[in-house]
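Novice: Pasting in a structure now, in structure tokens, and then I'll have a few things to ask.
The values are calculated or read from the model by the stated rules, or taken from the named source; none is laboratory data. Since this is a predicted model, take the numbers as computed values, not measurements. In this analysis, Cβ positions are derived from the backbone assuming ideal geometry, glycine residues included, and neighbour counts consider all displayed protein chains. Calculation scope for accessible area: heavy atoms of the full protein, side chains included, ligands and nucleic acids excluded. Shrake-Rupley method; radii C 1.70, N 1.55, O 1.52, S 1.80 Å.
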Amino acid sequence: MYDFDELIDRRGTHCAKWDMMETIYGVSPEDDGLPMWVADMDFRPPRAVTEALRAAVEHGVFGYFGDDRAYKAAIAGWMARRHGWEVDPAAISTSEGLVAGTAMCLQAFTAPGDGIILFTPVYHAFARIIRANGREVVESRLVQRDGRYEMDLGALAAALTGRERMVILCSPHNPGGRVWEPAELAALADFCRAHDLLLVSDEIHHDLVLPGNRHMVMPLAAPDFADRVIMLTATSKTFNLAGMMTGNVIIADAALRGRFVATQAAAGVSPNRFGVLTATAAYEAGDAWVAALTEYLAGNAALFDEGVAAIPGLASMKLQATYLAWVDFAGTGMSGEEFTRRVERDARIAASHGHTFGSGGESFLRFNLATPRARVAEAVARLRAAFADPR
């Protein structure tokens, strides 16, 4: 029903993933380079999304968007069906993507100089936005146990200075692909309450949970925590709509929501018409497409992990969610410069550099597997060749 194997040429379409990789990584898309860095997919979205856009284009007038009732109802319906989470439409605000939504949270709820806690390694834009807003990045390094990341709240508690005001959680985790267990989320909620911290739970990947795993949204893991949690969700990763720059900031607590809405009003933020229309269509009709997608991504992950496991010195974390493989090159004994050179120059693959994800990422590269399986197989073959000898 859905052809995720179709090879779609995205070159020359103002596509960051393909058209910027030579500038950033020195890997040319014209010379068979494989872009496996920025987190978008090489797949078309559900047909309902394309039809919604076509109808808007055929109408031909592209004025300011108004009347968001259907949009918010679609979000609430999706959350109820897929996550068992009952969302009050009044709790939903729209942001220009979730990086912008995170920035708005920093501006609404913290002050310059405040400490913002990140569990690193983690999505690199968080640290960039924190610093750009004059706040301090406080790294709490994740620990590896049994091949997966875990939070060390004991070590974090011992390191607190009193300047910390907020925790930003990536759930599921990017780049490690962890689905946090309900008990871990509840423990984090207790930690935040004990230390007077707000929690921004970025759940942009919460629909991309691979078969055999189950994600729990923070409001269900900690139902008495509504006065301290800000939820970030979006269609961008789920349905490959990142370019629409539309995200959901869901705040159940009226007082917190009021502060956020006031900050948005001060910035003059308003919705992207096409982002709202495509999000509505995706949430209303995308269930079967996402089910097929996650099965396909699981197949890609299995193929990639098997290939990486056969390369001496390389280890890929087992994915529970997302389409982002996190590969550790520490076992090669190579410097970061050397293993990165082999991936980029020899294998002609652009992959995200692990050190940009913060403390603990230095020996890693992140590979985007949301591409037709033939490209994943090709990437594996190239990595095997690039690391075939210890030169």
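Novice: What's the magnitude of the charge dipole for the range 55-110 around its Cα centre, counting Lys and Arg as +1 and Asp and Glu as -1 at the beta-carbon? Answer in Debye, nearest 20.
Specialist: 180 debye
Novice: Would you compute, from DSSP H runs of 4+ residues alone, the mean residue ellipticity of the chain at 222 nm, taking -39500 (n - 2.57) per run and dividing by the full residue count, rounded to the nearest 500?
Specialist: Helices in the chain give a 222 nm mean residue ellipticity of -11500 deg cm²/dmol.
Novice: As an exercise, take the mean of 1/r over every pair of distinct alpha carbons in the range 71-164, invert it, and state the Kirkwood radius in angstroms.
Specialist: One over the average 1/r among Cα pairs gives 15.7 Å for the range 71-164.
Novice: While we're here: Quote the relative contact order of the chain in percent (integer), defining contacts as alpha-carbon pairs under 8 Å separated by 6+ residues.
Specialist: 24 percent.
Novice: What is the dipole size for the chain, taken about its Cα centre, with +1 at each Lys and Arg Cβ and -1 at each Asp and Glu Cβ, in debye to the nearest 20?
Specialist: 300 debye
Novice: What is the packing order of peptides 54-67, 319-332, 151-164, 15-28, taking the mean over residues of other C-beta atoms within 10 Å and listing the highest first?
Specialist: Order by mean packing, descending: 319-332, 15-28, 151-164, 54-67.
Novice: Follow-up question, since we're still on this one. For the range 200-274, what are Rg and Dmax over the alpha carbons, in angstrom?
Specialist: 14.2, 44
Novice: Quick one: what are the phi-derived ³J(HN,Hα) couplings along the range 173-188, Karplus 6.51/-1.76/1.60 with θ = phi - 60°, whole Hz, x for glycine and proline?
Specialist: Result, rounded to whole Hz: 7, 10, x, x, x, 6, 9, 5, 7, x, 5, 5, 5, 4, 5, 5.
Novice: Need the list of aspartates and glutamates near Lys237 for cross-linking: C-alpha distance under 15 angstrom, and skip anything on the same chain fewer than eight residues off.
Specialist: Result set, ordered by chain and number: Asp40, Asp42, Glu96, Asp202, Glu203, Asp207, Asp287.
Novice: Name the residues of the range 304-324 whose amide N is less than 19 Å from a point 7 angstrom out from the Cα of Ala330 along the C-beta direction?
Specialist: 308-319
Novice: Probe of 1.4 angstrom, ligands and nucleic acids ignored: what's the accessible area per residue over the range 135-266, in square angstrom?
Specialist: With the other protein chains kept in place, the range 135-266 gives 37 Å² per residue.
Novice: Also, quick follow-up: Does the range 155-314 come out rounded, prolate or oblate, given a ≥ b ≥ c as the square roots of the eigenvalues of its C-alpha gyration tensor, rounded meaning a/c under 1.5 and, failing that, prolate meaning a/b above b/c?
Specialist: The shape class here is oblate.
Novice: What is the sum of charges around Gly97, taking Lys and Arg as +1, Asp and Glu as -1, for the other residues whose C-beta is under 13 Å from the C-beta of Gly97?
Specialist: For residues surrounding Gly97, the net value is -2.
Novice: On the protein heavy atoms, probe 1.4 angstrom, tell me the percent of accessible surface of the chain carried by carbon and sulfur.
Specialist: After summing per-atom areas, the C and S share lands at 53 percent.
Novice: Could you tell me which of Ile75, Met41, Val57 has its Cα farthest along the dipole of the range 1-76 towards the positive end, charges placed at Cβ (Lys, Arg +1; Asp, Glu -1), taken about the Cα centre?
Specialist: Going by the charge dipole, the pick is Ile75.
Novice: Could you give me D for the range 100-249, from Stokes-Einstein at 4 °C and 1.567 mPa s, where the hydrodynamic radius is the Kirkwood radius over C-alpha pairs? Units µm² s⁻¹, please.
Specialist: 83 µm²/s
Novice: What is the spin-label model distance, in nm, from Ala254 to Ser359 if the labels are put 7 Å beyond Cα along the C-beta direction?
Specialist: Here the modelled spin labels are 4.1 nm apart.
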